[in-house]
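Asker: Take a look at this one; I'll ask things after.
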Amino acid sequence: MKDLLEKYDIPAPRYTSYPTVPYWEADQLSETDWMKQVIGAFNRDNRMSLYLHLPFCEKLCTYCGCNKHITRNHAVESPYIQAVLAEWRLYLDQLPGRPVLSELHLGGGTPTFFQPENLRHLLEAIFATADIAPDREFSFEAHPASTTREHLQVLYDLGFRRISIGVQDVDEEILRVINRFQTVEEVRFVTQTAREIGYESVNFDLVYGLPLQKQQHVVKTIDLVRELMPDRIAFYSYAHVPWLKNGQRAFDENDLPDAVSKRALYETGKKLLEDHGYHDVGMDHFSLEKDALFQSAQSGSLHRNFMGYTPVFTPLTIGLGASAIGDTFGAFAQNVKTVAEYQSAIAAGHLPLLRGHFLTGEDRKIRQHILNLMCRYHTNWLPDDPTDVILARLAEPAADGLVELLPSGVRVTEQGKGFLRNICLAFDARYWQKQPSGLVFSRSV
């Protein structure tokens, strides 16, 4: 295994989209072209997913790769909410009908930075302009130190049934190094209160590969999982990208585990999770059998988008807020990243678009292959696939036991699940046409 880890520990995309963002071609995306894509997707199916990016955090967690705005000034809440609602109205004014919300996710940043009544105002204004699908999936990200009973009750009353709690690790020294301040007692409170109120699915976000993290820390964190038994686990690999996220320069890189030690942390966590009844349902994700994520993985309907793995698929996703990304399955669009730029564009009456990409026919086929591999661990060949080229790239992974090359397609082996990013890379035509010349992606292990 050590030889495999050293061989395949290379910079590679995480494939939350295809093409990946560095390969998007529309640096200047017009509102007209983007709205044509949105309206086309809406006319085919008026169900949509809505992502709201709420970027504010009171403190900078130095491990974090998300787009955020650090402030303790809660006066920023109301102007930002008004901007998000104004952006939503810009879409509504051009949609040819009333949307149906199938999926809604509050991400950040820290959504629970916002006062519960402000979240209520934001969501009630959106819900007044849309129909709600009966099988909707509404979820939000919660910081244990800022999530109150009132947050949980208000969002539950508005139809939220899934909560994702940012645990990361439970060791106080590791939390101090990454500048994250929370306690095990706060994690317990949020988890138990959510269940008491009636939430149907609780997710814990955990991270392996953090500075100073050792085997005993993973074991201790999984002990809390065993105690509280959340329905889902996202067990993420720490992505070290200090050239993109300056906060990650705050700790000594010598404190990070090497590839072999990092994978050992993952394997320890995975075994413990499986011992406690969790099933592997996709890259970095585990679920209990009773949860919808496991059931969708079993039925073959599991989907993956910018919000993560989901049992809900809609061709249209609209992203609202600074840095949010939309997806029509024919195009992507990302908003400007800073709060100031975002609010300025909205005040001028424009969609705050930064960049995007219109998928070619080849892009769509590759995207489907990568989704198949990420969600089902296999993919079948499509007409006119450059199979000879892909098979040549997969020859070495096949020899190493990571994939099976079949007449009908490619299947990921049990051992290969730990190298999923490397396997998807073989299908990534844009990467091979123009490999990065500098630091772009985090390492795959």
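Asker: Which log10 I(q)/I(0) values does the stretch 240-365 give at q = 0.14, 0.21 Å⁻¹ under the Debye formula, counting every alpha carbon as one identical point scatterer?
Answerer: Normalising to I(0) and taking log10 leaves -0.97, -1.11.
Asker: May I pose another question? If you take the Cα atoms of the stretch 15-127, find Rg, then find the Kirkwood Rh from the mean of 1/r over all pairs, what is Rg/Rh? Present the calculation step by step, with values, prior to reporting the outcome.
Answerer: Working: Rg = 16.1 Å, Rh = 16.2 Å.
Taking Rh as the inverse mean 1/r over Cα pairs, Rg/Rh reads 0.99.
Asker: Packing-wise, with mean Cβ within 10 Å as the measure, how do 148-158, 127-137, 226-236 rank, highest first?
Answerer: Final packing ranking: 226-236, 148-158, 127-137.
Asker: Here is a follow-up. Where both residues lie in the stretch 21-358, what percent of DSSP beta bridges are antiparallel, nearest 5?
Answerer: Values: 19 of 56 bridges.
DSSP beta bridges in the stretch 21-358 are roughly 35 percent antiparallel.
Asker: So which GluC sites (Glu not before Pro) in the stretch 311-420 are both in a DSSP loop and have at most 16 other Cβ atoms within 10 Å of their Cβ? Please list the in-between numbers first.
Answerer: Values: sites: Glu341, Glu362, Glu404, Glu414; in loops: Glu414.
For GluC sites (Glu not before Pro) across the stretch 311-420 that sit outside H, G, I, E and B with at most 16 neighbouring Cβ atoms in 10 Å, the list reads Glu414.
Asker: Which of Ile423, Ile222 has the fewest other C-beta atoms within 10 Å, and how do the rest follow up to the most? Walk me through the intermediate numbers first.
Answerer: On the way: Ile423 27, Ile222 24.
Ordered from fewest to most neighbouring Cβ atoms within 10 Å, Ile423, Ile222 come out as Ile222, Ile423.
Asker: Across bins of 5 angstrom width beginning at 0, how are the C-alpha pair distances of the stretch 298-386 distributed, in whole percent?
Answerer: Going from the shortest bin to the longest, the percentages are 3, 12, 19, 19, 16, 13, 8, 5, 3, 1.
Asker: Return the loop-located GluC sites (Glu not before Pro) in the stretch 262-319 (DSSP other than H, G, I, E, B) with at most 12 other Cβ atoms within 10 Å of their own Cβ; answer none if there are none.
Answerer: Numbers: sites: Glu267, Glu274, Glu289; in loops: Glu289.
Those satisfying the criteria are Glu289.
Asker: Okay, next question. Which links in Lys220/Lys262; Lys59/Lys270; Lys271/Lys417; Lys270/Lys337; Lys59/Lys337 stretch past 23 Å when you go from one Cα to the other? The partial results should precede the final answer.
Answerer: Values: Lys220/Lys262 16 Å; Lys59/Lys270 30 Å; Lys271/Lys417 14 Å; Lys270/Lys337 35 Å; Lys59/Lys337 18 Å.
In this structure, Lys59/Lys270; Lys270/Lys337 lie more than 23 Å apart at Cα.
Asker: If you don't mind, there's one more thing I want to ask. Which ordering of Met307, Met35 is given by a fewest-first count of other beta-carbon atoms within 10 Å? Walk me through the numbers on the way to the answer.
Answerer: Numbers: Met307 24, Met35 18.
Going from sparsest to densest Cβ surroundings: Met35, Met307.
Asker: Connecting C-alpha atoms closer than 10 Å in a GNM of the chain, tell me which of Gly209, Gly40, Gly107 has the biggest fluctuation.
Answerer: Among Gly209, Gly40, Gly107, the largest GNM mean-square fluctuation belongs to Gly40.
Asker: If you compute mean projected area of the Cα convex hull in nm² for the structure shown, which of (i) 20.0; (ii) 23.9; (iii) 21.5 do you land on?
Answerer: Working out mean projected area of the Cα convex hull in nm² from the coordinates points to (i).
Asker: Still on this structure, I have one more. Using the Karplus curve 6.51 cos²θ - 1.76 cosθ + 1.60 with θ = phi - 60°, work out ³J(HN,Hα) for each residue of the stretch 387-402 in order, rounded to whole Hz, and write x for Gly and Pro.
Answerer: With the stated coefficients, the stretch 387-402 comes to 4, 4, 5, 5, 4, 5, 5, 8, 4, 5, x, 5, 5, 8, x, 8 Hz.
Asker: For Glu227 paired with Glu173, estimate the spin-label separation in nm (one decimal), with each label point 7 Å from Cα along the Cα-to-Cβ line.
Answerer: Between Glu227 and Glu173, the simple spin-label model gives 2.0 nm.
Asker: Only helical DSSP H runs with n ≥ 4 go in: add -39500 (n - 2.57) per run for the chain, normalise by residue count and round the 222 nm mean residue ellipticity to 500 deg cm²/dmol.
Answerer: Working: 15 runs with 166 residues, N = 445.
After summing the helix terms and dividing by residue count, I get -11500 deg cm²/dmol.
Just so you know, all these numbers are worked out from the coordinates, no wet-lab data involved. As the structure is a computational prediction, the values presented were derived from the model and not from experiment. Cβ coordinates were reconstructed from backbone atoms using ideal geometry, including for glycine residues, and neighbour counts include every protein chain displayed.
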